[in-house]
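Below is one structure, written out as structure tokens; comments come after it.
Nothing in this text is a laboratory measurement; each read-out follows from the coordinates by a stated rule. The model shown is predicted, which means the values in this text are computed figures rather than measured ones. Neighbour counts are summed over all protein chains in view; Cβ atoms, including those assigned to glycine, are modelled from backbone coordinates with ideal geometry.
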Amino acid sequence: MKPRKSLNIETEAWIVYGLLQNLQYEIYYALAEYVDNSVQSFLDNKKILKNKFVTVSINFGVDQNNQEYIEIIDDAGGISEDRFDDAFRLADPDGFGSTLNEFGLGMKMASLWLGNKFTVKTSAIGEKYATTVIFDLDYVQKAKVNHIDGDNLFVEKESASEHYTIITIEKMRNFPRGGMVNKLKTHLSDIYRTYLRESNLNLLIQGQRIDFNEPDWLFEPYWDDSNGPFKGSLNKDFQWKKDFHFKLPAPYDYAKGHIGLHTKMQRTTSGLVMFRRGRAVYGTGDERYRPSGLFGPSQSQKYARLFAEVHVGPNSPVSSNKRLVWNEVQSIFVLEMKKMISGDFDVFKSFLAGDIAEKNITLSEILPINRMGTSYRSTKAKKISDAKLQELAESATKTTTDVFKEIKGDVDPLIANPVHPDNKKANDTSDDRSLSIESINVNFSDEDWHFTFKILKEASRPLYIFKKTDAPNSIELSINIEHPFIRNFIDKEGQIMTAFLRIASGLALSEIISEQTQNTEASSLRNNFNSIMSGSLSRKK
């Protein structure tokens, strides 16, 4: 007998497709495969698509024959003719290695894990037809076929400008029920938070838009122990958050992102979420990544407050279900993260004691997040109930809508007779009755500025006065509590005064920024205002 020189390792597709159903999977992993394909198709065709984002709609229920189904619809680029074989074949597709659908198994693997039958109807941008493919595993296994044709594949005319993919899964094996639906929404919100944040993705589940809510970062003075804030000469609140970027061994290459303490303890959602190519690959939903070297015991304050978003290099290894594969580099990562959140405790305390000037430190490097997370205890604040908040919100929108009906009488005269820029005399408040005056020197844009804040009580004066004095970079801001607006809304605690003075300050700074950047467009003024009002001016202290 002649020695063998080759070995046939071919396999039958109908056998392999059946084996895919036995993979270790979860509903959210499976449905994420379709979202991956949709997002990647949108990104690949973004230059020729008219839509500025891709909408992916996931729906599930029972059809008219009382059979369960899942349907996924998108308006991405569609499956083009040159990619059609790859979409349905068990193969290593060329050119997908650096994309979200790198393995080329997503749709097939997810569909057959979810059910025994799936139908794909797609029209690619620029192609004048739509193709429908019906893949019924029961038929494929019974007939032992390696091709789809006949009644299971057909083409119909379509406009070249149409672009979509509709996938319907039937003969269900795994179906979202009960609490799994909320779990699915939480996981997908985490997995695609980057694309949701950047407005590349509009994700709908059962018609409900899925959004990601950014953490509410803790902004408090430093606590050296659980007895209360540190007593130093510098009484200052800090945002307990850091941005970071450090190297890791190949193929992970780097870790970058942000980490900090949340204003509320949330043991179910604290933790690290790991990202690769903009998509979360570890620590989503209720499977947060909490290495003990960073988080400590589960009953600790830090465990419930520490949040992080971490992006690793695009070639970091992942499993076929897009889960990050850690090797010995995990211990290096944890050590670097621990060093980073520890900060420089001694330098920070010297800074608080007034021994080191702020200009001589880099606050993000010395901020001791680890110590603060262990020591800080929240103080109880007066809380408005959800029901009361709802009542107040409805009242605010209704009363504003009611008075807005008469706004024409205020706006039309201003359009017909535009208000001229304020003159110095109109802005002069030196003779006005002032209930309070405070001044401060600050530095921004590499310049020194002097601000004076006034609370006026003059019936004849405007609500808000912004004045540039003769001295360089000297600004005077005034609000008038005798103005009808404040007089009608003044509260017993006088918080309307503080709130409106903060708003006035934000408007003034927005105007200064617009002048400094020579960008006077209204949208720029609004964006500057929104950004400023999210920072220091939003703090109570």
Quiz item: By how many nm would the segment from Ser331 to Ile440 grow when fully extended, if each residue of separation counts as 0.36 nm and the alpha-carbon distance is taken off?
Solution: 34.5 nm
Practice problem: Report P(r) for segment 218-324: all Cα-Cα distances, bin width 10 Å, range 0 to the bin holding the largest distance, values in whole percent. | Solution: 14, 39, 30, 13, 4, 0
Quiz item: Using θ = phi - 60° and the Karplus curve 6.51 cos²θ - 1.76 cosθ + 1.60, what whole-Hz ³J(HN,Hα) does each residue of segment 30-35 get, with Gly and Pro shown as x?
Solution: 4, 5, 5, 4, 5, 5
Quiz item: Where Lys and Arg each count +1 and Asp and Glu each count -1, what net charge lies around Asp224 among other residues with Cβ under 13 Å from its Cβ?
Solution: +1
Quiz prompt | Summed side-chain charge close to Phe275 - residues other than Phe275 whose Cβ falls under 9 Å, Lys, Arg +1, Asp, Glu -1 | solution = +3
Quiz prompt | Amide H contacts under 5 Å for Ser474, placed H, 5+ residues apart | solution = His450, Thr469
Exercise. Give me the aspartates and glutamates in straight-line cross-link reach of Lys183: C-alpha distance below 15 Å, same-chain residues under 8 apart excluded.
Key: Glu26, Asp211, Asp286, Glu287
Self-check item: segment 219-375, relative contact order [Cα under 8 Å, separation at least 6], %
Solution: 27 percent
Exercise. Go through Ser57, Gln208, Val35 and say which Cα lies farthest out towards the positive end of the charge dipole of segment 13-210; charges sit on Cβ, +1 for Lys and Arg, -1 for Asp and Glu.
Key: Gln208
Practice problem: Of the listed pairs Lys242/Lys264; Lys117/Lys142; Lys242/Lys349; Lys52/Lys121; Lys241/Lys338; Lys247/Lys322, which have alpha-carbon separations greater than 20 Å here? | Solution: Lys52/Lys121; Lys247/Lys322
Self-check item: Whichever aspartates and glutamates have a C-alpha closer than 14 Å to that of Lys468, once near sequence neighbours (fewer than 8 apart) are set aside
Solution: Asp422, Asp428, Glu476, Glu511, Glu515
Self-check item: Cβ-based net charge around Trp113, under 11 Å, with every Lys or Arg adding one and every Asp or Glu removing one
Solution: 0
Quiz prompt | Relative contact order (percent, whole number), segment 423-538, Cα cutoff 8 Å, 6+ residue spacing | solution = 17 percent
Exercise. Search the structure for amide H atoms under 5 Å from the amide H of Asp237, placed 1.01 Å from N in the peptide plane, and list their residues when 5 or more places away or on another chain.
Key: none
